[in-house]
Amino acid sequence: MKDFADRVVAITGAGSGIGRALAEDLAGRGAHLALADLDADALAGTVSRCEGRGIKVGAQQLDVADRTAMFTWADSVSTEHGVVHMVVNNAGVALAATAEAQTIEDFEWVMNINFWGVVHGTQAFLPHLRAAGEGHIVNISSVFGLVSIPSQSAYNASKFGVRGFTDALRMELEIERSGVSATTIHPGGIKTNIARRARTDPSMATVGSAPDEFIDEFDRLARTTPEKAARQILKAVERNRRRALIGPDAVLFDVASRLPAGLYQRLLINTGRRSI
């Protein structure tokens, strides 16, 4: 996809952050939008920002963890617009807790949204993208899908899962010479509310930072705006990139991921010990 004008794009997690920024950027490029988010009020705010540009904007309150709801939404988007060209599986949540202390309910909450939400969105929309004859699947992983971090075992698992799933999907699409492609996105620190909305457990203090410190540290390190992230993501789609590193810190994480595991892990261990 070299041009987004008159293309139909579906975005999950469109109520804020990267999802909202992508919707606004695409609206400015003349794309028609199908937007979804669990937060109906936030979603309405995004819709109001995108309307009035000569494009069609639809909205659906949606839990991406609900497979049936996702497939129903994909079908309705196709029916409403007649075609779908791109889906951005962006909805995500965060959990900070040690692997031992986190509850299975919290672990499932993260996996159901971050990983299964991506799987549901991919499988629900792929037939519609094929029917369009061209299309792109954009799945949002994280730098924590490149390097594992203490207190982030569930989040790491979900984002590594997105990476593995999307890499395999991309190769399968290329083997069959499909008109559809896929890109994995690895954002670094983006100025969003994901850390403030995260579920946190006191156990994380045993591996380096208390819950309030975790939020402050994220805010300090988050240097990339959602708007800049959106531009970089769309450029990756235009260039049909397999993976895209979003933000300068993402490049550093990618470098770390190529080092011997013991080297970068020892650095994180020593940093965690100094913090407690």
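The values are calculated or read from the model by the stated rules, or taken from the named source; none is laboratory data. Computed from a predicted model, the values in this text were never measured in an experiment. When we count neighbours, we look across all protein chains shown, and the Cβ atoms used for this are built from the backbone with ideal geometry, even at glycine.
Things worth noting here:
- Every condition in (1) in a strand (DSSP E or B); (2) closer than 22 Å to ALA154 by Cβ; (3) of a type outside the set (S, T, N, Q) holds for ALA34 except the one numbered (2).
- Qualifying residue in the range 119-141 (condition: of a type in the set (Phe, Trp, Tyr), within 23 Å of ASP37 (Cα to Cα) and without any contact (Cβ under 8 Å) to a residue 60 or more places away in the chain): no
- Count of the range 231-268 residues which are of a type in the set (Asp, Glu), crowded, with 16+ Cβ neighbours inside 10 Å and modelled with pLDDT of 95 or more: 1
- So ALA27, is it hydrophobic (A, V, I, L, M, F, W, C), over 17 Å from ALA229 (Cα atoms), modelled with pLDDT of 95 or more and under 20 Å from the mean Cα position of the chain (by Cα): no
- Residue under evaluation ALA42, criteria (1) within 18 Å of the chain's Cα centre (by Cα); (2) within 25 Å of THR184 (Cα to Cα), criterion not met: (2)
- Qualifying residue in the range 180-190 (condition: of a type in the set (Val, Ile, Thr), at pLDDT 95 or above, in a helix (DSSP H, G or I) and crowded, with 19+ Cβ neighbours inside 10 Å): no
- Members of the range 72-117 found to be assigned to a helix (DSSP H, G or I) and β-branched (Val, Ile, Thr), listed by number: THR72, VAL77, THR79, ILE104, VAL110, ILE113
- Residue among ALA195, ALA154 that is under 20 Å from TRP109 (Cα atoms) and at pLDDT 95 or above: ALA154
- In the range 161-179, the residues that are surrounded by 18 or more Cβ atoms within 10 Å (Cβ to Cβ) and within 11 Å of ASN139 (Cβ to Cβ): GLY161, VAL162, ARG163, PHE165, THR166, LEU169, ARG170
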